[in-house]
Structure formats: structure tokens, C-alpha cells
1. What figure in square angstrom, to the nearest 10, would you give for the accessible area of S10 with a 1.4 Å probe?
2. For the chain, with all protein chains present and a 1.4 Å probe, just round the carbon and sulfur fraction of the accessible area to a whole percent.
3. In vacuo Debye scattering of the chain, one point per C-alpha: log10 I(q)/I(0) at q = 0.08 Å⁻¹?
4. Restricting everything to alpha-carbon atoms, can you work out Rg to Rh for segment 1-75 with a Kirkwood hydrodynamic radius?
5. Mean 1/r over all different Cα pairs, inverted: what Kirkwood radius does segment 56-132 give, in Å?
6. Count the net charge of all other residues whose Cβ sits under 14 Å from the Cβ of L30, scoring Lys and Arg as +1 and Asp and Glu as -1.
7. Based on DSSP loop calls and a cut-off of at most 11 other Cβ atoms within 10 Å, the longest stretch of the chain free of exposed trypsin sites (Lys or Arg not before Pro) is what?
8. How are the C-alpha pair distances of segment 99-148 spread across 10 Å bins, as whole percents from the shortest bin up?
Amino acid sequence: MPGWRLPRGSEVFRTCPDVLFIFELVFGGLVWILIASSLVPLPLAQGWVMFVSVFCFVGTTVLLFLYIINIHDRKISWYILDAVYHCIAALFYLSAVVLEGLVTNIMDHDLNFTQEHYHENLVATVFSALATLLYMFHACLSFIRLVI
């Protein structure tokens, strides 16, 4: 099935699941920006969320670039790399959603934080959840592409 092979060049922007790279970058970048600009009530938790968003943003950018310059030559190892990377990214983002939700909940009940800071973290939680769903969907489709 030609639609389920690894893309070459500009095919990345026209094939599924590879078109999801764009949305993963957008939502991951928004999480990164929102966490970087918010107050940090729990540095360890939000540090992990920041690590996840930066790691996934860089990893997705590198993988997208490698697909665009056609370095993969459609070998089976690249199919495995694609599936495993998106599975790890989905698990990382799932943990980030839980921790960011915890931080947002703490900010909601603490009077030291303004509504603006609470809303920044709330939106970061929502975008983290959307990024998690995108990476999960991409991982599932990558595993399907691996076995076909």
C-alpha cells in the first residue's frame, strides 16, 4: 500500500500520519512557550514538563528534517525508529500532562497566584493533552505502517 510507506521530501506534508508532525510541533512549541513564561510553584514537576516539550520538539524537528532530505532510504530500521520514537514521546507527554495538571490544581487553590498565571498553566495542560493525543495517534499509525 503506497500510502503507508515512509515519506520522501515534500510527501511529509501530504501523507498520513506524517502530516501530524506539523501539529506536534505547533502544540509542543506552545507548551514550551507557556511553561517557560509561567510561574513555577513546583520546579521539579514543571522542569520535567519543560524537558518533555523541548525533547519532543527537537526530536520531532530532527525526524521531520531527516524525512524531508530523504536520508532514510525506506529501510525497516527507520519504520521501527518512527514507531518507537512516537511511542516514547506519547508516554513522556502523558506524564507531563499529569504533572502539569497537578501544578495547575495547586495554583487554583493557592491565593499567591493570579488568575493570569493559573490560566497560563491551564492552557499549557490542555495543549499538553492535545500533544499527547497527537503523539499517541501518530504512534498507533506508525505501528500499523510497521506491520503492513
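1. Around 70 Å² of this residue is reachable by solvent.
2. 77
3. -0.25
4. Result: Rg/Rh = 1.13.
5. By the Kirkwood definition, the hydrodynamic radius is 14.5 Å.
6. -3
7. Free of exposed loop sites, the longest segment is 76-148.
8. 25, 33, 19, 15, 7, 1
The values are calculated or read from the model by the stated rules, or taken from the named source; none is laboratory data. These numbers come from a predicted model, not from an experiment. Because the Cβ atoms are built from the backbone with ideal geometry, glycine has one as well, and the counts that use them run over all protein chains shown. For the accessible areas, the whole protein counts, side chains as well, though only heavy atoms, and no ligand, DNA or RNA atoms are used. Shrake-Rupley method; radii C 1.70, N 1.55, O 1.52, S 1.80 Å.
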